[in-house]
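Novice: I'd like to ask some things about the structure below.
The values are calculated or read from the model by the stated rules, or taken from the named source; none is laboratory data. Here the structure is a predicted model, which is why all the values come from computation and not from measurement. Heads up, the Cβs are rebuilt from the backbone with ideal geometry, glycines too, and the neighbour counts pull from every protein chain shown. Side chains are part of the model used for accessible areas, which takes the heavy atoms of the whole protein and leaves out ligands, DNA and RNA. Shrake-Rupley method; radii C 1.70, N 1.55, O 1.52, S 1.80 Å.
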Amino acid sequence: MRGYGHCHDCDRPCTEKADDGNYYCDECWKGWINCPDSEKKEWENRRRQEREERQRAQREAKSRADRALVQREQEAKEQAYWEARETAKRSAKEVAVPVSPSEAKVPVVFWGICDVKYDPGLPVKDRIKVLELGDGRSSRFSHHGAVIKERFDQLFCMDVTPLRRGTLVENKKLTHDTFVNLGLGFLRPVQRPYPRQYHHGLADKIAGDFGVGSGDSLVLKLVNRARGAGVVVCPVDDLDRVLQRLLQPPVGREFDEWLSANARDALSEERLKGVLAEQQLHYWSNESPIFVVEEACHSLPVPMPPKYLNGHASAPGGTNGAAATNGDANGSTNGSANGARNDEVYDGTLRVAFALRRSAQEGGRMDLDWLGGYWKLPPLPVSASRESSSLEKVHGSLVSSFNSQEKRTSPASSEHLREVYSALEPALVPVFEHGKIGIRQLAFMYLDDPALRAFTMVRYGASQRTQGDLSKSNYAFEQARRALQTCNANDLPTRSVSSYIERSAGVNHTLHGDWVKAEGFFIRAQAKLPTNATAYYLQAVTLQERGMYAEAVDCHLKSIALDPDFRSPMMALGECWTRLGSYKQAVEVCMLCLNRQPDAPIAQFNMGQAIYQQLLHGHSQLSAPEVDMLRAKAKTALEVARSSRPDIWSDAEEAILRYFQGDRAEVPAAPQPIRSWKAYGWRPDIWSD
């Protein structure tokens, strides 16, 4: 049969097709015909090996050509970056200037933060390392950063059609890959991913991959957590011990006993002493199949502001800003800067904030405005890590604390900010312009890691849910299930993603009010990953919505036991205990939540509600000083709640606030019932995409 193709044996062009459906050239066909029957099998094997070797060489050549093409494209993009950086440097853009009250606020499509390590003493290409991007709506701006939020509120408002970039900024692996693909990899620390599962030799492999040894340190991170949850600055000498603790959660009966004991003590901060005590919980309960390791980067030494020296109190406001390490946002440590000497310096992280708005030019371009920047300081000075190579000292000299009492910041100089602005503007604009990711792109991403591809698909599906498109959301979850079919179902990374799929699908049912069906999904999520803190919290929500408050309390406590920085179960637990009449416990859990995240208005609201009900039903059991203290606490809490959420503040809540603002002897004329503010944390929450 005539046609046109390539010889099956030697790949040369030919026109003759044999009965087996393959093309053969004259030379190969004659070789087959003339080969004795006794040697035909050996002849076929030899030609097959030659064919496979030829195909392998072709694949390698194509791979080299593809890599060379990508390299040339990235070099061209990097060259364009440096040209744009020179332009930005000459323009020396400063922070946006406040408008007059008569001027309209400028709509922006995104406003966020960028945490960097910065050292002007290094070569220009190495001075700035971008550690994390974040959404300004969920970021905390402590002390010297408070002006950033004020400036944004004065100048800007959110556009009616904002950019949806939660999938990008909430995934440290995806953020890193986006920078690299845009030719901006030099702005990032070296990063490598590893399965979130321990095996013998993992520490040696990681150390070998980074070319580090005794005396060096690396930074371990979870890809999808903020506020420093999952961030561990680890000396290489301790790496194997730390990995065993982070990646080997208890199983079976041992885990059941652990969860029962820790749920009873879930609100005790004593159980979280030491870096690993809390960080191991973030690793155990995480739904990502991987974690990443980054090189440890450092900033120029920053002195402690005078207000913190010699045991002075923390800076005004007492708010808990997002900490950073190699910079990400908050870590946990026992160190403190109280009583710091005035000759000590700190390895801080520079946080800068920006707003993106649509350009007046055509083509979908964006313009960037800077909102300011400041240093976030760790609790321990640089000298601490020089004096001791222990994990606690190394970590504490690079990572700032969860605890508001230990939060320290410092102003950044205009000179340093101008250099950082000029370096980041030509990078951030393309990152966010090219950061839109859909299901079609995800289908061809991470082909060598189907579990990671499935995880990213689930996060995309969650973003579609927040936009009200449940059909796209459910389709993404189904594609994620298919991606996992080639994975080992018993591996921890696979089970983690399977659990993520189940609980995310369950959230979609809660949006229809089908609480019973949703609970089934959350229970299955727990079965696949018994350490899934979010699944316990979501089951508690289904119980709470059905009035089963005592049962909900048990699930909320399990969630907090597994993730002590998860504020949603703390806030919901405050309401459950209030409805059960356990007012003192309700106040305690709200205070615990606010100690970690003081900007949680629902915790403020629930605390005010609990105190109001406590005074209504147990006034006679309290002394006058106790009543005065509770009234003052409730008054402050409700005032904060009202200013934070005026859109849902009601006349009934105003009546409660007026009661606390009045005289202690007054009795409410019309006692108000317990009220609820519904704001469940679906992870991602409604604002994150």
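Novice: What's the number of the condition Val108 fails, among (1) of a type in the set (A, V, I, L, M); (2) within 30 Å of Leu398 (Cα to Cα); (3) modelled with pLDDT of 85 or more?
Specialist: The one condition Val108 does not meet is (2).
Novice: With the structure loaded, tell me whether Lys40 is modelled with pLDDT under 85, over 30 Å from Phe186 (Cα atoms) and open to solvent by less than 60 Å² (accessible area, probe 1.4 Å) or whether it fails that test.
Specialist: Numbers: modelled with pLDDT under 85: yes; over 30 Å from Phe186 (Cα atoms): yes; open to solvent by less than 60 Å² (accessible area, probe 1.4 Å): yes.
In short, yes.
A quick yes/no check of all residues on (1) in a strand (DSSP E or B); (2) of a type in the set (D, E, K, R); (3) at pLDDT below 95:
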site	(1), (2), (3)
Gln197	no, no, no
Asp204	no, yes, no
Gly215	no, no, yes
Val233	yes, no, no
Leu239	no, no, no
Leu243	no, no, no
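Novice: Can you name every one of the helices (runs of 4 or more DSSP H) wholly within region 530-621 that holds 3 or more residues which are small (Gly, Ala, Ser)? Let's see the steps before the verdict.
Specialist: Values: elements: 533-545, 549-562, 567-579, 583-596, 601-618.
In region 530-621, the matching helices (runs of 4 or more DSSP H) lie at 533-545, 549-562, 567-579, 601-618.
Novice: Considering each residue of region 228-281, count those that are under 17 Å from Arg196 (Cα atoms) and among the basic types (Lys, Arg), and give that number.
Specialist: 2
Novice: Return the total of residues in region 197-241 being closer than 18 Å to Ser385 by Cβ, of a type in the set (Val, Ile, Thr) and touching a helix residue (DSSP H, G or I) at 6+ places or on another chain (Cβ under 7 Å).
Specialist: 4
Novice: Moving on. Return the residue satisfying two criteria in turn: it lies in region 170-190 and is among the polar types (S, T, N, Q) and farther than 16 Å from Arg225 by Cα, and of such residues it is most open to solvent (accessible area, probe 1.4 Å). So that I can check it myself, show each step before the final result.
Specialist: Of region 170-190, the ones among the polar types (S, T, N, Q) are 171, 175, 178, 181.
Of the ones still in play, those that are also farther than 16 Å from Arg225 by Cα are 178, 181.
Details: Thr178: 21, Asn181: 91 Å².
It comes out as Asn181.
Novice: Checking Asn490 against (1) within 15 Å of Pro289 (Cα to Cα); (2) in a helix (DSSP H, G or I): exactly one of these is not met. Which one?
Specialist: (2)
Novice: Return the residues of region 1-19 that are farther than 19 Å from Gln49 by Cβ, part of a loop (DSSP other than H, G, I, E, B) and of a type in the set (Asp, Glu); say none if nothing qualifies.
Specialist: As a first pass, look at region 1-19 and keep what is farther than 19 Å from Gln49 by Cβ: 1-5, 13-19.
Filter once more, keeping what is part of a loop (DSSP other than H, G, I, E, B): 1, 18-19.
Result: Asp19, single match.
Novice: Follow-up. Would you point out the residue of region 537-555, among those that are under 17 Å from Val589 (Cα atoms) and hydroxyl-bearing (Ser, Thr, Tyr), that is surrounded by the most Cβ atoms within 10 Å (Cβ to Cβ)?
Specialist: Tyr537
Novice: Filter region 18-32 down to residues that are open to solvent by 30 Å² or more (accessible area, probe 1.4 Å) and within 25 Å of Arg56 (Cβ to Cβ), then give me how many there are.
Specialist: Within region 18-32, the subset open to solvent by 30 Å² or more (accessible area, probe 1.4 Å) is 19-24, 26-27, 29-30, 32.
Next, from what is left, pick out any that are within 25 Å of Arg56 (Cβ to Cβ): 20-24, 27, 29, 32.
Looking only at that region, the number is 8.
Novice: Could I ask something else about it? Going by the structure shown, is Glu287 under 21 Å from the mean Cα position of the chain (by Cα), at pLDDT 95 or above and surrounded by fewer than 20 Cβ atoms within 10 Å (Cβ to Cβ)?
Specialist: Numbers: under 21 Å from the mean Cα position of the chain (by Cα): yes; at pLDDT 95 or above: yes; surrounded by fewer than 20 Cβ atoms within 10 Å (Cβ to Cβ): no.
For Glu287, the condition - under 21 Å from the mean Cα position of the chain (by Cα), at pLDDT 95 or above and surrounded by fewer than 20 Cβ atoms within 10 Å (Cβ to Cβ) - is not met.
Novice: Let me ask another. Within region 130-147, how many residues are buried (at least 18 other Cβ atoms within 10 Å of the Cβ) and under 18 Å from the mean Cα position of the chain (by Cα)? Don't jump to the end; show me each part of the working.
Specialist: So the first thing to find is which residues in region 130-147 are buried (at least 18 other Cβ atoms within 10 Å of the Cβ), and the list is 130-136, 138-146.
From what is left, the residues that are under 18 Å from the mean Cα position of the chain (by Cα) are 130-136, 138-141.
Number satisfying all stated conditions: 11.
Novice: Still on this structure, please answer the following. Determine whether Tyr475 is surrounded by fewer than 20 Cβ atoms within 10 Å (Cβ to Cβ), of a type in the set (Ser, Thr, Tyr) and assigned to a helix (DSSP H, G or I). Give the steps one after another, and end with the answer.
Specialist: Numbers: surrounded by fewer than 20 Cβ atoms within 10 Å (Cβ to Cβ): yes; of a type in the set (Ser, Thr, Tyr): yes; assigned to a helix (DSSP H, G or I): yes.
In short, yes.
Novice: Here's something else I'd like to know. Going by the conditions given, is Pro601 modelled with pLDDT of 85 or more and in contact with a Ser or Thr (Cβ under 8 Å, 6 or more places away or on another chain)?
Specialist: Details: modelled with pLDDT of 85 or more: yes; in contact with a Ser or Thr (Cβ under 8 Å, 6 or more places away or on another chain): yes.
Criteria met by Pro601.
Novice: Of Val587, Val541, Val516, Val507, which residue is more than 27 Å from the chain's Cα centre (by Cα), under 25 Å from Tyr475 (Cβ atoms) and among the aliphatic types (A, V, I, L, M)?
Specialist: On the way: Val587 fails: under 25 Å from Tyr475 (Cβ atoms); Val541 fails: more than 27 Å from the chain's Cα centre (by Cα); Val507 fails: more than 27 Å from the chain's Cα centre (by Cα).
Of the residues listed, the single one that is more than 27 Å from the chain's Cα centre (by Cα), under 25 Å from Tyr475 (Cβ atoms) and among the aliphatic types (A, V, I, L, M) is Val516.
Novice: Quick one: what pairs do we get from region 46-70, first residue over 24 Å from Leu184 (Cβ atoms), second open to solvent by less than 90 Å² (accessible area, probe 1.4 Å) and not in a helix (DSSP H, G or I), C-beta under 6 Å, 6+ apart or different chains?
Specialist: Note: pairs meeting the criteria are Arg47/Asp9.
Novice: Sticking with this structure for a sec: Residues Leu452, Leu484: which one is at pLDDT 90 or above, touching a helix residue (DSSP H, G or I) at 6+ places or on another chain (Cβ under 8 Å) and open to solvent by less than 10 Å² (accessible area, probe 1.4 Å)? Talk me through it step by step, then tell me what you get.
Specialist: Working: Leu484 fails: open to solvent by less than 10 Å² (accessible area, probe 1.4 Å).
None of the others qualify; the one that does is Leu452.
Novice: Test of understanding: among Thr167, Thr161, which residue is open to solvent by 10 Å² or more (accessible area, probe 1.4 Å), under 23 Å from the mean Cα position of the chain (by Cα) and of a type in the set (Val, Ile, Thr)? Can you show your working first?
Specialist: Working: Thr161 fails: under 23 Å from the mean Cα position of the chain (by Cα).
Of the residues listed, the single one that is open to solvent by 10 Å² or more (accessible area, probe 1.4 Å), under 23 Å from the mean Cα position of the chain (by Cα) and of a type in the set (Val, Ile, Thr) is Thr167.
Novice: Out of all the residues in region 373-401, which are in contact with a Gly (Cβ under 6 Å, 6 or more places away or on another chain) and assigned to a helix (DSSP H, G or I)?
Specialist: Gly396
Novice: Next up: For Thr531, work out the one condition from (1) within 19 Å of Pro249 (Cβ to Cβ); (2) free of Cβ contacts under 8 Å to residues at least 40 places away in the same chain; (3) among the hydroxyl-bearing types (Ser, Thr, Tyr) it doesn't fulfil.
Specialist: Just one mismatch for Thr531, condition (2).
Novice: While we're looking at this one, here's another question. Looking at Phe210, Phe255, Phe156, Phe152 in this structure, which one is open to solvent by less than 40 Å² (accessible area, probe 1.4 Å), more than 22 Å from the chain's Cα centre (by Cα), under 25 Å from Phe566 (Cβ atoms) and aromatic (Phe, Trp, Tyr)? Give the derivation first.
Specialist: Numbers: Phe210 fails: under 25 Å from Phe566 (Cβ atoms); Phe156 fails: under 25 Å from Phe566 (Cβ atoms); Phe152 fails: under 25 Å from Phe566 (Cβ atoms).
That would be Phe255, the only listed residue that is open to solvent by less than 40 Å² (accessible area, probe 1.4 Å), more than 22 Å from the chain's Cα centre (by Cα), under 25 Å from Phe566 (Cβ atoms) and aromatic (Phe, Trp, Tyr).
Novice: Looking only at residues that are in contact with a helix residue (DSSP H, G or I) (Cβ under 7 Å, 6 or more places away or on another chain) and farther than 17 Å from Arg245 by Cα in region 290-303, which one is modelled with the highest pLDDT?
Specialist: For region 290-303, the residue satisfying everything is Glu295.
Novice: Can you tell me which residue is nearest to Phe141 (Cα to Cα) among those in region 615-649 that are open to solvent by less than 60 Å² (accessible area, probe 1.4 Å) and modelled with pLDDT under 90?
Specialist: Filtering region 615-649 for residues that are open to solvent by less than 60 Å² (accessible area, probe 1.4 Å) and modelled with pLDDT under 90, the one nearest to Phe141 (Cα to Cα) comes out as Ser644.
Novice: State all residues of region 132-162 that are in contact (Cβ under 8 Å) with a residue 60 or more places away in the chain, closer than 21 Å to Ser414 by Cα and either touching an Asp or Glu at 6+ places or on another chain (Cβ under 6 Å) or of a type in the set (D, E, K, R) (or both); if no residue qualifies, say none.
Specialist: Arg151
Novice: What number of residues in region 431-449 are open to solvent by 20 Å² or more (accessible area, probe 1.4 Å) and not in a helix (DSSP H, G or I)?
Specialist: At the first step, the residues of region 431-449 found to be open to solvent by 20 Å² or more (accessible area, probe 1.4 Å) are 433-434, 436-437, 439-441, 443-449.
Keeping just the survivors that are not in a helix (DSSP H, G or I) gives 434, 436-437, 444-449.
The qualifying residues number 9.
Novice: Oh, and also: Contact list please: Cβ distance under 7 Å, first residue in region 572-585 and within 17 Å of Asp554 (Cβ to Cβ), second residue in a loop (DSSP other than H, G, I, E, B) and modelled with pLDDT under 95, pairs at least six apart or on different chains.
Specialist: Taking only residues 6 or more apart or on different chains, the pairs are Glu575/Ser676; Thr578/Ile674; Arg579/Ile674.
Novice: Of all residues in region 565-605, how many are buried (at least 22 other Cβ atoms within 10 Å of the Cβ), of a type outside the set (Ser, Thr, Tyr) and more than 22 Å from Arg137 (Cα to Cα)?
Specialist: Residues that pass the stated criteria total 8.
Novice: Now, a different point. Of the conditions (1) surrounded by 17 or more Cβ atoms within 10 Å (Cβ to Cβ); (2) at pLDDT 95 or above, Val516 clears all except one; give me its number.
Specialist: Condition not satisfied by Val516: (1).
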